[in-house]
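Undergrad: Before I ask anything, here is the structure I am working with.
The values are calculated or read from the model by the stated rules, or taken from the named source; none is laboratory data. Here the structure is a predicted model, which is why all the values come from computation and not from measurement. In this analysis, Cβ positions are derived from the backbone assuming ideal geometry, glycine residues included, and neighbour counts consider all displayed protein chains.
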Amino acid sequence: SQATNLRWHLSAQRLSLAVLVVQNSVLVMVMHHSRNRPTGSSPRYYASTAVLLVELIKLLASLVLTTHHTWRNRRDARPSELATLVFQSVFAPDSWKLIVPAALYTLQNSLVYVAVSNLDAVTFQVTYQLKILTTVLFSIVLLGRSITRRQWLALVMLTVGVAVVQGSGLIGSGNWLERLTLLIRGETLPTSGAFRGLLAVVVASVISGLTCVYFEKLVKDSLASVSLWTRNVQLSFFSLFPALFIGVLWQDGASIRRDGFFVGYDALVWTTISLQALGGLVVAVCIAYADNVAKNFAASLSIVVSYAATAVLFGTPMSLQATAGGMIVIAAMYLFNKPASRPQIGLLPVSQE
Ligand code: C5P
């Protein structure tokens, strides 16, 4: 019934956003440590292999989910019929539409590795929040959405709040603003890779905004006929090609042939890969059942959560600056979603395009 559907939609929305908050908090820390080991430890793994494995895991998971979905609608189908149905839905005539987002996401995922390897966790997290703005801009330009002046204000507050929490240097170390100023002035570069890392994260943010808006439109336009998991199978399937041919074989081919595919792999690397695969699937649910802007708000909230978690788990005293930053983020989220005048983008009401 419609009421059950709506309730289901709402719980999928809230659960996916909550999971994303936790996933995002843990991922950045784990990933940073997986890339930046103390000198003298085992060699660093090749990012291209991780990008490929993440897509493989997401492909398998989405395949299982889409098969389950198909089976629920056709419980009488024999396994071979089920396989045919799944195959037909995945390679439907419009599946080519996923080629572009697949290529863009693969590039984005590779750039994130470049960024994380060359920047400290703080600088990366703050700069990556640029995707909040790029997402809103692409939503306005490509989806014809509009946001109120109050929502613009909320976005600015959000950016400021995140920067304030991060600038307090509790999650990582170093003052990003100082570094950024130095970098822009071209004075002493903190590390030689910093510019490379910064450029990577800026380009990744632009790609993120563009691609998630495209994906949101594609999924929501056809959610009634094509399930989200079928879309994700298509997305991961087309991602395998650039990930394998451009990343693993072309970019890192010679080194991987010399050192082996799994060089430098350990529990931390596998945790990074699993968390990324999980994150991709959760992002997909957030985009389909909430929207892109809500997804990015969840990611920002995760910065506040990781700050609070660090303070509680490791007994670091909460600084005034970080607490204030966290409150600005929460106030921004409230301001953006305040239902008084209905927002065009936002968590309430449930979007039912
Ligand atoms: O934060 P952002 O939305 O840019 O994160 C996108 C991430 O989610 C990418 O790693 C992308 O590969 C993944 N993703 C996915 N499936 C989707 C949408 C995004 O795996 N349907």
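Undergrad: With the structure loaded, tell me whether residue 15 is surrounded by fewer than 16 Cβ atoms within 10 Å (Cβ to Cβ) and among the aliphatic types (A, V, I, L, M) or whether it fails that test.
TA: Considered against the rule, which asks whether it is surrounded by fewer than 16 Cβ atoms within 10 Å (Cβ to Cβ) and among the aliphatic types (A, V, I, L, M), residue 15 comes out as yes.
Undergrad: Then there's this: Could you identify the single residue in 39, 66, 70, 49 that is within 21 Å of residue 233 (Cα to Cα), more than 16 Å from the ligand (Cβ to nearest atom) and not small (Gly, Ala, Ser)?
TA: 70
Undergrad: Keeping to region 239-258, report how many residues are closer than 28 Å to residue 26 by Cβ and assigned to a helix (DSSP H, G or I).
TA: Of the residues in region 239-258, 9 are closer than 28 Å to residue 26 by Cβ and assigned to a helix (DSSP H, G or I).
Undergrad: Any residue that is touching an Asp or Glu at 6+ places or on another chain (Cβ under 8 Å) and either of a type in the set (Asp, Glu) or within 19 Å of residue 98 (Cα to Cα) (or both) - is there at least one of those in region 246-257?
TA: Scanning region 246-257 turns up no residue that is touching an Asp or Glu at 6+ places or on another chain (Cβ under 8 Å) and either of a type in the set (Asp, Glu) or within 19 Å of residue 98 (Cα to Cα) (or both).
Undergrad: I'd like to check something: does region 30-42 contain any residue that is among the hydrophobic types (A, V, I, L, M, F, W, C), at pLDDT below 95 and touching a helix residue (DSSP H, G or I) at 6+ places or on another chain (Cβ under 9 Å)?
TA: yes
Undergrad: Here's another thing I want to ask about it. Can we say residue 208 is within 15 Å of the ligand (Cβ to nearest atom), under 16 Å from residue 60 (Cβ atoms) and part of a helix (DSSP H, G or I)?
TA: No: the conditions fail for residue 208.
Undergrad: Being surrounded by 15 or more Cβ atoms within 10 Å (Cβ to Cβ), modelled with pLDDT under 95 and outside any loop (DSSP other than H, G, I, E, B) narrows it down to one of 105, 113, so name that one.
TA: Of the residues listed, the single one that is surrounded by 15 or more Cβ atoms within 10 Å (Cβ to Cβ), modelled with pLDDT under 95 and outside any loop (DSSP other than H, G, I, E, B) is 113.
Undergrad: Between a first residue in region 266-281 that is in a helix (DSSP H, G or I) and a second residue that is away from the ligand (no atom under 16 Å from the Cβ), which pairs have beta carbons less than 8 Å apart while being 6 or more apart in sequence or on different chains?
TA: Close Cβ pairs satisfying both conditions: 268/33; 269/45.
Undergrad: Moving on. Consider region 223-238. How many of its residues are part of a helix (DSSP H, G or I) and more than 15 Å from residue 91 (Cβ to Cβ)?
TA: 1
Undergrad: Here's a follow-up. Does residue 148 satisfy the criteria of being of a type in the set (S, T, N, Q) and either within 13 Å of the ligand (Cβ to nearest atom) or in contact with a Cys (Cβ under 7 Å, 6 or more places away or on another chain) (or both)?
TA: Criteria not met by residue 148.
Undergrad: Given the options 255, 274, 306, name the one that is modelled with pLDDT under 90, away from the ligand (no atom under 12 Å from the Cβ) and polar (S, T, N, Q).
TA: Step by step, each of 255, 274, 306 is checked, and only 306 is modelled with pLDDT under 90, away from the ligand (no atom under 12 Å from the Cβ) and polar (S, T, N, Q).
Undergrad: So which of 82, 60 is closer than 27 Å to residue 253 by Cβ and either in contact with a helix residue (DSSP H, G or I) (Cβ under 8 Å, 6 or more places away or on another chain) or assigned to a helix (DSSP H, G or I) (or both)?
TA: Of the residues listed, the single one that is closer than 27 Å to residue 253 by Cβ and either in contact with a helix residue (DSSP H, G or I) (Cβ under 8 Å, 6 or more places away or on another chain) or assigned to a helix (DSSP H, G or I) (or both) is 60.
Undergrad: Enumerate the pairs (first residue in region 220-232 and among the basic types (Lys, Arg); second residue anywhere and within 13 Å of the ligand (Cβ to nearest atom)) with beta-carbon separation below 8 Å, excluding pairs fewer than 6 apart on the same chain, so at least 6 apart or on different chains.
TA: Close Cβ pairs satisfying both conditions: 220/288; 231/98; 231/215; 231/218; 231/219; 231/284.
Undergrad: With (1) part of a helix (DSSP H, G or I); (2) surrounded by fewer than 22 Cβ atoms within 10 Å (Cβ to Cβ) as the list, and residue 20 as the residue in question, which single condition is left unmet?
TA: (2) is the only condition that residue 20 fails.
Undergrad: Then there is this: Of the residues 135, 123, 106, which is in contact (Cβ under 8 Å) with a residue 12 or more places away in the chain, in contact with a Cys (Cβ under 8 Å, 6 or more places away or on another chain) and closer than 30 Å to residue 31 by Cβ?
TA: The match here is 135.
This table checks each residue for (1) in contact (Cβ under 8 Å) with a residue 24 or more places away in the chain; (2) under 19 Å from residue 266 (Cα atoms).
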{"site": "7", "(1), (2)": "no, no"}
{"site": "27", "(1), (2)": "yes, yes"}
{"site": "34", "(1), (2)": "yes, yes"}
{"site": "61", "(1), (2)": "yes, no"}
{"site": "75", "(1), (2)": "no, no"}
{"site": "88", "(1), (2)": "no, no"}
{"site": "98", "(1), (2)": "yes, no"}
{"site": "102", "(1), (2)": "yes, no"}
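Undergrad: Test of understanding: among 222, 227, 236, which residue is more than 10 Å from the ligand (Cβ to nearest atom) and within 19 Å of residue 61 (Cβ to Cβ)?
TA: 227
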